[in-house]
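Okay, structure first, notes after.
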There are 2 protein chains.
Amino acid sequence: MLIHYPNGKPYRPKSNEIPKIKHTGIKREKDVSFSNRGKTLEDEINETNSYYLNHQIAIIHKKPVPVQIVKVEYPSRSAAVIREAYFRTPSTTDYNGVWNGYYIDFEAKETESKTSFPLKNVHQHQVTHMEMVTNQKGIAFTIVRFSSLDRYFVVPFSVLQEAWTVMENGGRKSIPLTIFESKAYEIQPGYNPRIDYLSAIEKIIVNEEER
Amino acid sequence: MLIHYPNGKPYRPKSNEIPKIKHTGIKREKDVSFSNRGKTLEDEINETNSYYLNHQIAIIHKKPVPVQIVKVEYPSRSAAVIREAYFRTPSTTDYNGVWNGYYIDFEAKETESKTSFPLKNVHQHQVTHMEMVTNQKGIAFTIVRFSSLDRYFVVPFSVLQEAWTVMENGGRKSIPLTIFESKAYEIQPGYNPRIDYLSAIEKIIVNEEER
């Protein structure tokens, strides 16, 4: 779906264009590039979550990486040191929290592809988790960055689920960009908040309620 | 507050009594003790969350312990080993998730005291986090186990907050058991689910809505 601005016009960005829209009252200068400048999507989302937290907009955190701790040393007069630990497979998505009474749950994914999002970036446990969250009336989605295009999309779980089911039945193993343009919610990256994904969630909720 | 059973009678357990109530259809034998048998409260809550998950009742997970990973070794033909890492201070509570559209967020605490719950078990960051969650219309609470008494309570955040404020103003540094009995929700430990805290949350929600 397109993002519509208050004048009712859809906004269709071109990949190299510097957006000129105002955001949270901060006017963009033409000479300032808001491209991701080598930041990972995770960095950008952490910045966004800090903004939401500091402005009391939402309480959303990245979950720590799960590790199995085997050996810890306690050197005198200094902090405990973990000397042997192993990575464990997470059973959830990376981010969750609460916003205005809504349970928010999502995963963040990047692709260098300019034409489609490969589903090999998504794991079965994430799909299962998001399905269960949806059944419990939580809001589950994926934030996808097409890094080469500098474009960001909020993908409702229903869209991912449909593509996943097609793949499981032997069909296409990726989601084409055109599906993102028609069924996901594009976000214009900004200064602060960097990736204002809650504005897209607001639209998803309105659309769900209209059904 | 007291827990009322369907016959309308309040149930007041004595510490050494083996409860005879039925739970999830499994009848308790008199010779079976449901005391915690050396399990930690964390074990009991993890068991409960697994039950909720497997029965599609709620999707609630313990957050992994946050660690700062400094050095990782990649031995050939085996899993990566973390060789240097440090514990970080969490900025949230330990458990969160979604239940029937509600955002659930809590901390679990044990005390050996038979008369009161010392507030030194609670950290400022947890109180701050639960306050923010409450402002976002999430449901924040603490599960407290009086281990010596084998009694469990769900403490709404409002009760903790009040005691915390009193302490900050130089007052009492603990919450007496009598406050738990009058303002918190007692849970009877069971076989499966072990600590059915969502039944207490249901009561909290009903009481909040009645106000």
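Laid out as a table, the results:
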read-out: Candidates A:Thr115, A:Thr93 - the one that is within 11 Å of chain B (Cβ to nearest Cβ) and either on the phi < 0 side of the Ramachandran plot or without any contact (Cβ under 8 Å) to a residue 24 or more places away in the chain (or both); value: A:Thr93
read-out: Checking A:Ile139 against (1) at the interface with chain B (Cβ under 7 Å from one of its Cβ atoms); (2) of a type in the set (A, V, I, L, M); (3) under 24 Å from B:Met130 (Cα atoms); (4) open to solvent by 10 Å² or more (accessible area, probe 1.4 Å), the condition it does not meet; value: (1)
read-out: Residues that are of a type in the set (Ser, Thr, Tyr) and in a loop (DSSP other than H, G, I, E, B), drawn from the stretch B:64-95; value: B:Tyr74, B:Ser76, B:Ser78, B:Thr89, B:Ser91, B:Thr92, B:Thr93
read-out: Any hit, the stretch A:112-133, residues being in contact with a Gly (Cβ under 8 Å, 6 or more places away or on another chain), within 25 Å of A:Tyr52 (Cβ to Cβ) and among the polar types (S, T, N, Q); value: no
read-out: Count of residues meeting criterion [touching a residue at least 40 places away in the same chain (Cβ under 8 Å), outside any loop (DSSP other than H, G, I, E, B) and more than 14 Å from chain A (Cβ to nearest Cβ)] in the stretch B:36-50; value: 6
read-out: The stretch A:69-110, residues that are farther than 30 Å from A:Tyr51 by Cα and not hydrophobic (A, V, I, L, M, F, W, C); value: A:Lys71, A:Glu73, A:Tyr74, A:Pro75, A:Ser76, A:Arg77, A:Ser78, A:Arg83, A:Glu84, A:Tyr86
read-out: Where a residue in the stretch B:60-86 is more than 7 Å from chain A (Cβ to nearest Cβ) and its partner, wherever it lies, is among the β-branched types (Val, Ile, Thr), with Cβ under 6 Å and at least six apart; value: B:Ile60/B:Ile104; B:Ile69/B:Ile82; B:Val72/B:Ile82; B:Glu73/B:Val81
read-out: B:Ile179 vs. criteria among the aliphatic types (A, V, I, L, M), surrounded by 20 or more Cβ atoms within 10 Å (Cβ to Cβ) and either closer than 25 Å to A:Asn96 by Cα or modelled with pLDDT of 95 or more (or both); value: no
read-out: Total residues in the stretch B:118-130, condition within 13 Å of chain A (Cβ to nearest Cβ) and surrounded by fewer than 17 Cβ atoms within 10 Å (Cβ to Cβ); value: 2
read-out: Extreme residue, farthest from the other protein chains (Cβ to nearest Cβ), among residues of the stretch B:96-106 that are within 19 Å of B:Ser158 (Cβ to Cβ) and open to solvent by less than 10 Å² (accessible area, probe 1.4 Å); value: B:Phe106
read-out: Which listed residue is open to solvent by 30 Å² or more (accessible area, probe 1.4 Å) and closer than 17 Å to B:Ile45 by Cβ, from B:Pro90, B:Pro75; value: B:Pro90
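The values are calculated or read from the model by the stated rules, or taken from the named source; none is laboratory data. Predicted, not measured: the structure shown is a model, and the values here were computed from it. We place every Cβ from the backbone using ideal geometry, glycine too, and count neighbours over all the protein chains shown. Just so you know, the surface numbers come from the protein's heavy atoms only, side chains and all, with ligands and any DNA or RNA stripped out. Shrake-Rupley method; radii C 1.70, N 1.55, O 1.52, S 1.80 Å.
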